[in-house]
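The structure appears below as structure tokens.
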Amino acid sequence: MKRILSLSTSLIASAAIMTAAAGTLSGEIALKKPGAHACAHALTIAADGSISLRGVEGLTMTGSAKAGADGMTDITVTLSADRPVYFNLGLQYTEAAMKHSDSEFYMPGFWYHLNSRSPENAPSIRLSDSWQVREDRLSSPLAGAISKNGSYMTVLRLHDASDNTDCTVQNLSGDIILPGHTTVGYTGFANAGGSSALTFGYPYKEAPRRYIRKLTLIDPVRAFERLGAGQSMTLRWQVRTGSAADYSAFVSDTWNYTFDTLHPAEVAGTMGADEAKKHLSRYFHSSYVDKYDLKYFSGEGLRTDDCRSTGGYQVGFVGRVLLNAFNAIEYGRQTGDTALVEKGENVLASVLEHGFTPEGWFFEAGNLERGTADNFLSIRRQSEGVYAILTWLDYERRRGARHPEWDARMRHILDSMLALQNEDGSFPRKYDGKHQSIDASKGSTPSATLPLVMGYRYFKDKRYLESARLSARYLENDIINKADYFSSTLDANCEDKEAALYASTAMYYLTFVTKGKEREHYMDMCRRAAYFTLSWYYLWDVPFSQGQMLGDVGFKSRGWGNVSVENNHIDVFIFEFATILEKLGKWYNEPRFGEFAHVITGSMLQLMPTEDGTFDIGRAGYYPEVVQHTTWDYGRNGKGFYNDIFAPGWTVASLWQMLSPDRVDTFFSKM
């Protein structure tokens, strides 16, 4: 019996292909007998690139490292057993000329630069200068390093689609013999005597710590796969080296290479936009709450098993009450569902009467059942509220309806945002009603650019455009040029996907209200940030174990996005980004963007809760949020399941925006 596992590593080279500046390949295989300590055996790598294992009874190894074009090196290793063995194979590619202290590292969707913005109890360079992680933590099973002079190396694993599985283990740390077969390996980077090295192998290990729950690190793990008598296993890697102008270019170049290598295809059998909206609209019917002064769609802090309202209200972020009010109104009118229109309009009427602070900001978040409220304001939730209302106001204006009270409210908030903006164009993440900063972190700035551009378009007020331009200069100088996308979300303060997505979207909006070279510049900034955003989205399907719900229903992870370093799960945060990718593909004649946009828009509808099957969600239309695809959870249930608490308000809003690709074009079009 023969099992084929494919591993591609851009990091590997051998003695046979070394030049004065080339790296070296080394490795070992650890063998473990049940009840005994593991023993390590060094691999032999000859000058011709052949790889072998000597002096181990019952196990033979043959392999090679072959150099190809464009900095590629292919590694193949075949293990054959004459008797049952339990093994863990580890390889390391060391670039002696690349100083570890002068290097930055990359594991897509999990590690950027040095992860220096991550909190204390999440992986970062502060805790260790060497990290190895399971491949399923990463949006591509890849690790890389780049030096100050721009030379880089990467290692990518290529999984065989015919052998894609995992197994559930009892012990989370230490040397463990797997109870079944897994295809999950590991990858990472190391400080090899002052030089940068890339580490990779099979099956998985995680060191020096494991990140298994939000802000929870535990002792390391090393897994041992069983290879039975008469069985063989072939492992393949590909090494890639090159040079890039900076970290951002490195990420872009690596994404293109990985996309071309993995070829993610559209997920078969997913539903179309009309069917998806029909199912999502069930959320608007079921989640409407009208027993308080503020009417709303219950969308945060819910249990997945019953989806009952717990009183949580949020204008933006995880609640998206106002955008969903517009979604309900628009869809209700399109389908003749007057009940939906009434519910959406009731929400907006109640917010106009009861939903503002004494200073004129949105009352943005609280629990109406308990009578509590957040003690701060946030630029993100305020911006998302204005964004939603301006979208609705423009829709109403095109129908011949005017809402002067709402116009005045939106002008007041936009004017207040002008007063809040820092001289460098940034905005504080959190503040109070008197414009005093509570959290000076500037990572949420791009969320403000969108309503400022929209405010300029809607009110014809050039002050808003100048403020948006100033914010764009901050984004370019401090975020995009430095490839430092962080702190966009309110439940984490670290490197995150939403910061990059918002930066790309902000630049995209500015292309609607500018011309000539200025517009071309914003297009270029949009593309640069888009590449970084793409690095968070899965280009492969992670394996699951039997009994894990996601695997049992045939879920495919390709097209879903990792959230942040702190929150290591996947979700459907997309909004108009798929449309942006389509536009960028046409602007720059880059077919990868459009192809992957189609992967995203189909894949993200896989877990649609319907009346016939809800994918472990209590009600139809309440789309899942915390989808746990690796050995990490937000607090409950682990890999292959959801966290028990979720926020469908934003997931429904995100997918609805994705399924409405003409919405932004319509807003910026002439009346």
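The values are calculated or read from the model by the stated rules, or taken from the named source; none is laboratory data. For clarity, every value in this text was computed on a predicted model and none was experimentally measured. Cβ coordinates were reconstructed from backbone atoms using ideal geometry, including for glycine residues, and neighbour counts include every protein chain displayed. The protein model used for the area step is the full one, side chains on, heavy atoms only, and it has no ligands, DNA or RNA in it. Shrake-Rupley method; radii C 1.70, N 1.55, O 1.52, S 1.80 Å.
Listed here are the residues, each with its yes/no results for (1) within 18 Å of the chain's Cα centre (by Cα); (2) buried (at least 24 other Cβ atoms within 10 Å of the Cβ).
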residue: Thr76; (1), (2): no, no
residue: Ala81; (1), (2): no, no
residue: Thr94; (1), (2): no, no
residue: His100; (1), (2): no, no
residue: Asn115; (1), (2): yes, no
residue: Asn121; (1), (2): no, no
residue: Ile125; (1), (2): no, no
residue: Arg134; (1), (2): yes, yes
residue: Ala143; (1), (2): yes, yes
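Answer with yes or no whether Val239 is over 30 Å from Ala69 (Cα atoms), of a type in the set (Val, Ile, Thr) and either modelled with pLDDT under 95 or open to solvent by less than 50 Å² (accessible area, probe 1.4 Å) (or both). No; evaluated as a whole, the condition is false for this residue.
Would you confirm, using the coordinates I've provided, whether Asp439 is in contact (Cβ under 8 Å) with a residue 60 or more places away in the chain, more than 19 Å from Ala468 (Cα to Cα), open to solvent by less than 60 Å² (accessible area, probe 1.4 Å) and under 31 Å from the mean Cα position of the chain (by Cα)?
Yes; evaluated as a whole, the condition is true for this residue.
Residues of the stretch 175-202 that are in contact with a His (Cβ under 7 Å, 6 or more places away or on another chain) and either surrounded by fewer than 24 Cβ atoms within 10 Å (Cβ to Cβ) or in a loop (DSSP other than H, G, I, E, B) (or both): Thr183, Asn191, Gly194, Ser195. Scan the stretch 145-161 and tell me whether some residue there is at pLDDT 95 or above, open to solvent by less than 20 Å² (accessible area, probe 1.4 Å) and within 15 Å of Glu225 (Cβ to Cβ). No, the stretch 145-161 has no match at all. Against the test of being of a type outside the set (S, T, N, Q), more than 20 Å from Val652 (Cβ to Cβ), in contact with a Lys or Arg (Cβ under 9 Å, 6 or more places away or on another chain) and open to solvent by 10 Å² or more (accessible area, probe 1.4 Å), the options Trp536, Trp540 yield a single qualifying residue, Trp540. If you filter the stretch 40-53 down to residues that are touching a strand residue (DSSP E or B) at 6+ places or on another chain (Cβ under 6 Å) and either of a type in the set (Asp, Glu) or not in a strand (DSSP E or B) (or both), you find that the one that is modelled with the lowest pLDDT is Gly49. Keeping to the stretch 427-436, report how many residues are assigned to a loop (DSSP other than H, G, I, E, B) and either surrounded by 22 or more Cβ atoms within 10 Å (Cβ to Cβ) or in contact (Cβ under 8 Å) with a residue 40 or more places away in the chain (or both). Number satisfying all stated conditions: 6. Could you tell me whether the stretch 403-426 includes any residue that is hydrophobic (A, V, I, L, M, F, W, C), without any contact (Cβ under 8 Å) to a residue 60 or more places away in the chain and assigned to a loop (DSSP other than H, G, I, E, B)? Within the stretch 403-426 (the criterion being hydrophobic (A, V, I, L, M, F, W, C), without any contact (Cβ under 8 Å) to a residue 60 or more places away in the chain and assigned to a loop (DSSP other than H, G, I, E, B)), the answer is no, since none of the residues qualifies. Pairing residues of the stretch 642-671 that are closer than 18 Å to Leu510 by Cβ with residues that are of a type outside the set (D, E, K, R), at Cβ distances under 6 Å and at least 6 apart in sequence or on separate chains, gives Phe668/Phe512.
Exactly one residue out of Lys430, Lys434 is in contact with a strand residue (DSSP E or B) (Cβ under 6 Å, 6 or more places away or on another chain) and closer than 16 Å to Trp361 by Cβ, and it is Lys430.
Looking at this structure, is Leu302 in contact with a strand residue (DSSP E or B) (Cβ under 9 Å, 6 or more places away or on another chain), surrounded by 22 or more Cβ atoms within 10 Å (Cβ to Cβ), among the aliphatic types (A, V, I, L, M) and more than 30 Å from Gly90 (Cα to Cα)?
The answer is yes for Leu302.
The number of residues in the stretch 357-375 being of a type in the set (A, V, I, L, M) and in a strand (DSSP E or B) comes to 2.
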